[in-house]
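Please treat every number below as a calculation from the coordinates, not as lab data. Only a predicted model underlies this, so the values are computations on that prediction, with no experimental measurement involved. So basically every Cβ, Gly included, is an ideal-geometry build from the backbone, and we count neighbours across all protein chains shown.
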Amino acid sequence: MNYQAMQLDARIRGNAEDWGADFYGVADLTPARDFILWQGGERLAQYPKAISIGIALLNPIVDQLPKRSDKAVAMEYRHHAYDTVNDLLDSIALRLSSSLQRQGYRALPIPASKRAVVDERVAAIFSHKLAAHLAGLGWIGKSCLLITPQAGPRVRWATVLTDAPLKTTGEAMAERCKECQKCVEICPQAAFTGRPFREDEPREARYDAKVCERYLKELEEKTGYGVCGLCLYVCPYGRR
Ligand code: SF4
Ligand code: SF4
């Protein structure tokens, strides 16, 4: 890797961290090109690299989730662990993309997920988890969330697709759930089967996204705020 490319890597990582990203990685998307093409079309599949950025959620906010029937708890979660974090992620992704464009590269920011906990698992044009996984930032847990060794699933993600010659930061991390079943046991809708992630199995073998989505909609209609997130709360990698 030449000096100019190293400088570009250091500058983009430094910018992301200065602007508020707790997690930063670069993924080679080549192994996932067919999947990206199927999910988002050539518009997205044309980019060989992805920058994955994540912001760790605040523990005092997530730790309250078992009391989410309390309106104040649910509203705090929606505000600080969702709306505000998403805005910051989108802002960082846009600024990184603009910076890369000024340096002569193509870069497309993919918005942070728009629905707490589940939207990316229900329907998305691009999987932030896929980019973070391929960048070596974590593994896909039995909850189908991206689990980081440092903060478990208590992280929200955004992605910048690019043709910039950035160095990849790692490889897909092997799963470390082992015998743990905590997310499976706590889900009030029994949405998880408890099977560990396998690339050759469809997500439906592990997770019924529609059941979870329906539950959140019911909560929204009943209480005005559809907040669950118990699978995110309970993961021991986030609670230590
Ligand atoms: S624990 Fe809650 S958010 Fe997680 S899958 Fe189950 S219903 Fe959905
Ligand atoms: S709660 Fe346990 S099984 Fe679920 S994702 Fe976390 S480590 Fe894996």
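Numbers below:
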quantity	calculated
Percentage relative contact order, the range 139-240, counting C-alpha pairs under 8 Å, at least six apart	38 percent
Cβ-derived FRET efficiency at R0 22 Å, Arg33 paired with Ala190, nearest 0.05	0.05
Spin-label zone in the range 77-106 - amide nitrogen under 12 Å from a point set 7 Å from the Cα of Thr223 along the C-beta vector	77-78
Electrostatic dipole magnitude of the range 3-239 [Cβ: Lys, Arg +1; Asp, Glu -1; Cα centre; debye, to 20]	120 debye
Proximal lysines relative to Lys67, as straight alpha-carbon distance under 29 Å, when same-chain residues fewer than 8 apart are discounted	Lys114, Lys129, Lys142, Lys178, Lys182, Lys210, Lys217, Lys222
Simple spin-label estimate for Glu201 and Arg239 in nanometres, 7 Å along Cα-Cβ	2.4 nm
FRET efficiency, 1/(1 + (r/R0)^6) with R0 22 Å, evaluated for Asp22 and His80 via beta carbons	0.90
Extension reserve of the Glu179-Asp63 stretch, reckoned as 0.36 nm per residue once the Cα distance is removed	39.5 nm
Within the chain, helix-based [θ] at 222 nm, where runs of 4 or more DSSP H residues each add -39,500 (n - 2.57), nearest 500	-11000 deg cm²/dmol
Positive-end residue, the range 3-239 charge dipole about Cα centroid, Cβ charges, pick of Leu88, Leu161, Ser98	Leu88
